[in-house]
Amino acid sequence: MNNAIDPHREERRLAALLIAPAAGLIVVMALFPIAATVSEALHGHDLRLPWLGRPFVGLANFVEAAGDPRFLSAVGHTVLFALVSVPIEIALGVALALVMHRALRGRAAIRVVALLPWTVPTIVAALIWRFMFESYSTASFDWFVHPRAAWVPIVAADVWKTTPFVAILLLAGLQTIDPAIDEAARIDGAGPLRRFFTVTLPLLGPALVVATAFRALDALRLFDLVYVMTGGGPGTATEPLSLYAFVALMQRLRFGYGAALSMTVFLLTFAFALIWIRTVGHSLTDDHV
Amino acid sequence: MTRTAGVIAGGLLLAALLYPIYRMIAASMAPDPSVFAVPLLPTAFSFEHYRALFDERDFLVPIRNSLIVAAATTALAIPVAGACAYALARLRMRGRGLILSMILAVSMFPQISIVGPLYLLLRELHLLNTYPGLVLPYLTFSTPLAVWLLTAFFRQLPRDLEEAAMIDGASRLRAAWDVVLPLAAPGIASAAILTFLYCWNEFLFALSFTLGPERYTVPVSIMLFRSRYQIPWGEVLAATVVASIPVVILVLTCQRRIVAGLSAGASKG
Amino acid sequence: MQSVGIQLEGVSKTYPNGHVAVRPIDLTAAPGEFLVLVGPSGCGKSTLLRLIAGLETPSSGRIVIGGVDVTTAPAQERDLAMVFQSYALYPHMTVRDNLAYGLKVRGVSHSVTRERVARVADALRITTMLDRRPAQLSGGERQRVALGRAMVREPKAFLFDEPLSNLDPSLRAHARAELRHLHQRLGATMIHVTHDQEEAMTLSGRIAVMREGRVEQVAAPLEIYNTPVNTFVAQFIGAPSMNLLPARLLGLNAPEGSLVGIRPHDVLLESSGAIEAAVEMVEPRGHDYLVHLRLVAPNAPSLVASAPAAPIERRVFLQFPRERLHLFAPDGRRVIEDHLRRNALQ
């Protein structure tokens, strides 16, 4: 007589009960709006032209975006920003993690200092760095007036703010490395640099993958920092994709087009996640000791 | 040799992290108009900007709003997320993978994509420019993170404690309450702190769903200081200092919890 | 405290991933019996214990405790007590609260709880620790608290999951004695899981030797020692292990592949005889010597003998007393004694 199902029914019911609030919340407040966005992206919906109604236009919004130079530069800005800032953050994050890991004294103080940039609101970070770079500007060279130079304070602010986050993710990874392995390498005669590259870094692999994934996903969704710091300016020289979508939605009130633009942000992050999991995620599962 | 090099490099790194905050504080206390020209070690101090902040701009209002919203969201998110996390970590259930993917997907989704429909939804419910109007979206988007963290924490707890309680006669729920909860307290604290930080720092939703100064949160309020031509840096910086105070207090007192929370999230992922 | 019997009828457990932890088993523990489940890692003994406890549900079969079919009953309702290998003491509660928890959950009155806790604490000599937390106790003290938590409940039966494994070896003998003492005093049914065959031999009323999800033999210690039912049991119980040699080598008229077993301390070292062996190594154990030998024979099988004195010569002759031999068929099962008498060895 197989009684395996009955005792578990109670447990399953309890589980459903416990998950219901969170799941319900997410379905109503997140999944429905997401579905609504997808729907909007497929319709023509311009609040300034209500007499045109809300016809189904299929992929027309996306087609328009593909030919929209402002969209294309926004994509370029976003991708370039990610490509530049993420490696810097990872590198500095590794350095900071090592500092936090190896510190013998004042660990608490170091952690406080390291955490502050990350815990401070993004707009505070944006304003501080805007302030600092404005104070570096002279009469002949204003950082925020040059279309290319304006990116420097943005990247600086982002790196400053998120390096601690990366460092802490990596710190966890560092702490799981068995110190005996490093000691064995020392006895084998390896110097500190060599040990770092051949022992520490590879063992940090999984943590690095996670940290890079998190950071890249956030970098592709860049919004707050730029909105506050430059407003996307000068002109639209520093406008990332999220900001353009915001502009289209809230300022130009082109809900259909704006929805399509914000969908591309999602598609971009999704594409990245897929590629990342395919290439890096797989190698993780077979070569890890 | 390399030890001292490392210490120096580390020191430089930490100094670089600290420097902007130092500048912010120093400049906020600089007497106008020399805000930009503040020397590295200022000699003159003035609280003029802070006074203006509270007297003329009524900065206490956004502070109050942010506190209420963050506290309410945290108070609601933790039980909701905790229950869900416990079920995911310990109970037999169907569709665990589905729930986890859903949670992951929501946290990955760009906020910008949701602002439009959420705005319309909140407008329908007459919740724009209200506290619930912010708490609901915050709840929705902080819960996935909290669930992620708490699931990792619950998983780390040894199973045999709950089993011992059940053999002693406690029901699953009773065992969870008597045994799991006290042990998960540090993890719950971490999740609560991170949730609070998320709400306190959040900008886009606050910008979109509040309509007037009586409901603006701190980030939005600071943002709207700027007039068309210039940013009143003195007051803005004073405001950023004030905005950072709760954060700094939290970090100073709970840095261990914060680190533990982030680490747990990482090791699970 | 009424002690009850526990019956397992055709109980098996297969996990969703296909792993068969326990094959259909029939096993009975009589009321008041001390039954030990012993076997190597992975043999299913812990799984079986957890099935009895209600922490896992069987894939088939019935579990009857005290005449009541509890197969579908959850752990909470079985009124058993379990001592875990890690003790599983509630770290955030004092020792007193740990002991009282099971009673509190069942709604036992404060006065009864207090009285029982005091009595058990006194019996286990942990009264001075009642207000401390588990983290402040030593390993031995924690083990006693775990025991106390079980005793306070006055359960239908006790389940022990390798409770002595985490103790220092020096404490283990003492703890074993205490457990035996406890059983004598309470007269309760106790099922004890261990991987240590010596522990099994010294503790039990009956031993169930398990391997790969099956019970190979259930019997009193001496019976298992003297008449193991197959080669696995023969080699698992008794240390050093029983020697197994090809039967043909010893001149026995048995089917090809049959094995003869003889325990190290039954092997006699002589200065002359029919079987010659070379001494490879001698290990002094203090009370005797372990002599590692290699037979002068095809394939030179190795052998261990325990002797009161170390052999002086490099070459010795071995004597195997006929009545100390065990004969096993090629499939490993024991062959009845008659055959041995018929196939006399010179």
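Every read-out reported here was derived from the displayed coordinates using simple, explicitly stated rules and does not represent laboratory data. Fair warning: this is a prediction, and the values are worked out from it, not measured in the lab. Quick reminder, even Gly has a Cβ in these numbers, built from the backbone with ideal geometry, and neighbours come from all protein chains shown.
Which of A:ALA35, A:ALA103, A:ALA22 moves the most in a Gaussian network model of chain A with Cα springs under 10 Å?
A:ALA22
What fraction of the Cα pairs in the protein assembly as shown, stated in percent, has a spacing above 52 angstrom?
38 percent
Ratio of segment C:28-152's C-alpha Rg to 2.2 N^0.38 Å, to two decimals?
In units of the globular-protein estimate, segment C:28-152 measures up at 1.17.
Taking the Cβ-Cβ separation of B:TYR22 and A:ALA190 as r and a Förster radius of 41 Å, what is the calculated FRET efficiency to the nearest 0.05?
Efficiency for this residue pair is about 0.55.
Under the definition of Cα pairs under 8 Å and six or more residues apart, what whole-number percent is the relative contact order of segment B:52-268?
34 percent
With springs connecting C-alpha atoms under 10 Å apart, model chain B as a Gaussian network and identify which of B:ASP178, B:ASP168, B:ASP58 has the largest mean-square fluctuation.
Per the Cα network of chain B with a 10 Å cutoff, B:ASP168 tops the list.
By how many nm would the segment from C:ASN166 to C:ARG133 lengthen if fully extended, with 0.36 nm per residue of separation less the alpha-carbon distance?
10.0 nm
Treat each spin label as a single point 7 Å out from the Cα along the C-beta direction, and report the C:ARG322 to C:ALA278 distance in nm.
3.2 nm
Would you mind giving the mean number of other chain beta-carbons within 10 Å of the Cβ of each residue in B:16-29, as a whole number?
Per-residue shielding by partner chains comes out at 5.
So, R0 is 45 Å and r is the distance between the beta-carbons of C:ARG180 and C:ASN253; what FRET efficiency does that work out to, to 0.05?
The computed FRET efficiency comes out at 0.50.
At a 10 angstrom cut-off on C-beta neighbours, averaged per residue, how do the peptides B:87-95, B:10-18 rank from highest to lowest? Walk me through the numbers before you get to the answer.
Working: B:87-95: 18.6, B:10-18: 15.6.
In descending order of packing, they fall as B:87-95, B:10-18.
Across chain C, where is the longest run that never hits trypsin sites (Lys or Arg not before Pro) in a DSSP loop with at most 14 other C-beta atoms within 10 Å?
Counting at most 14 other Cβ atoms within 10 Å as exposed, the longest clean stretch of chain C is C:126-284.
If each of B:THR253 and A:LEU47 carries a label point 7 Å out from its Cα toward its Cβ, how far apart are those two points in nm?
Distance between the two pseudo-spin positions: 4.1 nm.
Please compute the length gained on full extension between B:VAL7 and B:GLU124, using 0.36 nm multiplied by the number of residues separating them and subtracting their Cα-Cα distance.
36.3 nm
Along the charge dipole of chain B, pointing to its positive end and built from +1/-1 on Cβ of Lys, Arg, Asp and Glu, which listed residue (B:ILE231, B:ALA75, B:SER113) has its Cα farthest out?
Ranked along the dipole, the leading option is B:SER113.
Which FRET efficiency value, to the nearest 0.05, is calculated for C:ALA118 and B:ARG155 with the Förster distance at 45 angstrom and r the Cβ-Cβ distance?
0.75
Considering chain A as a Gaussian network with a 10 Å cut-off on Cα pairs, which listed residue, A:PHE197, A:PHE255, A:PHE214, attains the greatest mean-square fluctuation?
Comparing A:PHE197, A:PHE255, A:PHE214 in a Gaussian network model of chain A, the most mobile one is A:PHE197.
With point charges of +1 on the Cβ of Lys and Arg and -1 on the Cβ of Asp and Glu, referenced to the Cα centre of segment C:241-342, which listed residue (C:GLY332, C:PRO308, C:PRO246) lies farthest in the positive direction of the dipole?
C:GLY332
Per 5 Å bin, what is the whole-percent P(r) computed from every C-alpha pair distance within chain A?
Pairs per bin, as whole percents: 1, 5, 9, 11, 12, 12, 12, 11, 9, 7, 5, 3, 1, 1, 0, 0, 0, 0.
Counting only other residues whose beta carbon sits under 10 Å from that of C:VAL215, what net charge do I get with K and R as +1, D and E as -1?
+2
Using only atoms on other chains, find how many Cβ atoms lie within 10 Å of each Cβ of peptide B:192-204 and report the average. Can you show the working numbers first?
Details: counts 0, 1, 1, 0, 0, 4, 0, 0, 3, 9, 4, 9, 6.
Averaged over the peptide's residues, the number is 3.
So, in Å, what gap is there between the alpha-carbon centers of segment B:188-248 and segment B:82-128?
Centre-to-centre (Cα) distance: 24 Å.
Going by the alpha-carbon gyration tensor, a ≥ b ≥ c the square roots of its eigenvalues, is chain B rounded (a/c under 1.5) or, if a/c is not under 1.5, prolate (a/b greater than b/c) versus oblate? Write out the running numbers ahead of the final one.
On the way: a/c = 2.50, a/b = 1.50, b/c = 1.67.
Oblate shape, in that a/c is at least 1.5 and b/c is the bigger or equal ratio.
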